[in-house]
Amino acid sequence: MSSSEQRSSAPRTLYEKLWDAHLVAEENGEAILYIDLHMLHEVTSPQAFAGLAEHGRKIRRPDLTLAMADHCVPTTGQSQGIEAVEDEQSRAQLAMLNHNSAAYGIEHYTIGDIRNGIVHVVGPEQGRTQPGMTIVCGDSHTSTHGAFGALAFGIGTSEIEHVLATQAIRQRKSGNLRVTVNGSLAPGVTAKDLALTIVSELSVDGATGHVIEYCGDAIRALSMEGRMTLCNMSIEAGARAGLVAPDDVTYDYLKARMPAETWAASLPRWKKFHSDPGARFDHEIILDASTISPVVSWGINPAQSIAIEARIPEPSEQKEQKSRAITERALSYMALQAGSPIAGTPIDRVFIGSCTNGRIEDLRAAAAVLKGRTVHPRINAIVVPGSGMVRHMAEQEGLHTIFLDAGFEWREPGCSMCAAMNNDRLTQGQRCASTSNRNFENRQGPGGRTHLMSPAMAAAAAVTGEITDFRTLP
């Protein structure tokens, strides 16, 4: 029996099935995997296209490549086009993506196109992301697409060039890590809270060298948008990718986004992508969903997060000197007092958006908190839909009116303050309640201080002017 036949007959994890289905060749522990969908944006693709041009190479499968502008786009005035973008570097990158897409025959959504938006929002909402696929993009949060049972991961510039030229990528196989969340999340506890809890449990590098598969009743109860939020943040624990096996929730989501005949023909194949009984995982952790509360980050990485009822950790609580030093550094940068409650911490800015929490479900949750309420007079608050389609849907539902009446700015789609692009950034010392995915030093602007949380929690912070458990609002 060949090694491939042995692999297919033994119990396999979802990750192993995805790997085997796309394995082109393997030698000395390194493999070549076929790629089903390659997504591009304006920041990480220019060097790859330059490499193709230098060597006179063509794109092997332009029909499996999709380009869009998301990182550098301004979140106002998009109808004026690229020429109106104030930042010179951003304007140049956007223009280069337009040029390269046209030159190589790649489908491309530019700013102002209703189909455009953040790459990890657009792919799923258009039915491009499907179970059993391999998906790559020059962005670490490509792990988002794993919510559909797809092997999706971020790649570097040289790898982008390689995928463009060959529609394949060199990889070393990762380990399998299963995170099982039993029971049910309490009312008001979201996928964002679950994600921050898991990252805190694993630490920022606890999943390094592994692909995480999320299992358990609490995972199955999540909507597709919640599963995307969870998989999106897998990278924050060091994982190569995150996965949720497809089920009826997945199939129903895609049924509304695909031609009926294509959906029906694909369904039998999709249903094969799950972990077999008896499949071996290298590591496992098990959590009780009922113990999880709304969570807020207090430090300078997503693992430095605590329940809203908790107090900010003391450095002395850390067993290792390295951990104590990181805690002290975080407290200093964030200007927080160890032992103080995280609730009640004053904020200056609120950002609702990003590839983590910029979908319609996220905007609905924030709007539900804001309806009939007003933003604190000290707070500058913006909401940035994850795509043109999300923005359109929100406006059809009247959500934008709720945000505007409350005192939020209603912006156009893009990565925005998540990555401190264009003018959407914090200034020195400003503290932000953010629905994004990273709270690194200077992430949202030089000297900016980021507190990660769910959309409902961010909306509550906007109303009160401080970190607040939204469940306690009158």
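The values are calculated or read from the model by the stated rules, or taken from the named source; none is laboratory data. None of these values were measured; they are calculated from a predicted model. Methodologically, a virtual Cβ is constructed for each residue, glycine included, from the backbone with ideal geometry; neighbour enumeration extends over all protein chains shown. Accessible surface is based on the protein model in full, side chains and every heavy atom, while ligands, DNA and RNA are left aside. Shrake-Rupley method; radii C 1.70, N 1.55, O 1.52, S 1.80 Å.
Sequence-distant or interchain residues sharing an amide H contact under 5 Å with ALA150, placed H: which?
Close amide H contacts, sequence-distant or interchain: GLY132, VAL244.
Count the lysine pairs in the chain whose Cα atoms lie under 22 Å apart, taking only pairs 8 or more positions apart in sequence or on different chains.
7
Net charge near ARG449: determine it from the other residues with C-beta under 14 Å of the C-beta of ARG449, scoring Lys and Arg +1 and Asp and Glu -1.
Taking every Cβ under 14 Å from that of ARG449, the sum is +3.
Taking only protein heavy atoms into account and a 1.4 Å probe, give the accessible area per residue of segment 1-160 in Å².
Here the residues of segment 1-160 average 39 Å² of exposed surface.
Under the rule of at least 5 residues apart or a separate chain, name every residue whose amide H is placed under 5 Å from the amide H of CYS215.
Placed amide hydrogens put VAL179, THR180, VAL181 under 5 Å from CYS215.
Using Cα pairs closer than 8 Å and at least 6 residues apart in sequence, work out the relative contact order for the chain, in percent.
Relative contact order of the chain: 17 percent.
Tell me, what ³J(HN,Hα) does each residue in segment 152-160 have, in order and in whole Hz, if you take phi through Karplus 6.51 cos²θ - 1.76 cosθ + 1.60 with θ = phi - 60° and put x for Gly and Pro?
Per residue, the Karplus-derived 3J(HN,Hα) values read 10, 7, x, 9, x, 4, 5, 6, 4 Hz.
Which ³J(HN,Hα) values in Hz, rounded to whole numbers, follow from the phi angles of segment 190-203 under the Karplus curve 6.51 cos²θ - 1.76 cosθ + 1.60, where θ = phi - 60° and Gly and Pro get x?
10, 4, 5, 5, 5, 4, 5, 5, 5, 4, 5, 5, 7, 6
Expressed as a whole percentage, what fraction of the accessible surface of segment 418-470 belongs to carbon and sulfur atoms when a 1.4 Å probe is rolled over the protein heavy atoms?
In segment 418-470, the share of accessible area belonging to carbon and sulfur is 44 percent.
Suppose all protein chains stay in the model; what accessible area per residue would a 1.4 Å probe give for segment 162-204, in Å²?
35 Å²
Where in segment 196-240 does the label zone of ALA186 land, with the point 7 angstrom along Cα→C-beta and an amide N cut-off under 12 Å?
none
Residue-wise, which Karplus ³J(HN,Hα) couplings in Hz belong to segment 274-279, taking 6.51 cos²θ - 1.76 cosθ + 1.60, θ = phi - 60°, and x for glycine or proline?
In residue order, the calculated couplings are 7, 6, 6, x, x, 5 Hz.
For the modelled label position 7 Å from the Cα of ASP205 along Cα-to-Cβ, which residues of segment 214-252 have backbone nitrogen atoms closer than 13 Å?
Correct set: 237-239.
At 1.4 Å probe size, with the rest of the protein present, what percent of the exposed accessible area of segment 47-130 is carbon and sulfur atoms?
The computed percentage sits at 45.
Carbon-plus-sulfur fraction of the accessible area of segment 245-296, 1.4 Å probe, in percent?
Solvent-exposed carbon and sulfur of segment 245-296 make up 54 percent of the total.
Excluding ASP469 itself, calculate the net charge of residues whose Cβ lies under 13 Å from the Cβ of ASP469, where each Lys or Arg counts +1 and each Asp or Glu counts -1.
-2
When ligands, DNA and RNA are left out and all protein chains stay put, how many square angstrom of accessible area per residue does segment 219-357 have with a 1.4 Å probe?
44 Å²
Rounded to the nearest 500 deg cm²/dmol, what is the calculated helix-only ellipticity per residue at 222 nm for the chain, with -39500 (n - 2.57) per DSSP H run of length n ≥ 4?
Helix-only estimate at 222 nm: -9500 deg cm²/dmol.
Which sequence of PHE470, PHE440, PHE403 reflects their accessible areas, 1.4 Å probe, from the largest down?
Result, largest first: PHE440, PHE470, PHE403.
With label points built 7 Å along Cα→Cβ from the Cα atoms of SER266 and ILE114, find their separation and express it in nm.
The two pseudo-label positions are separated by 2.2 nm.
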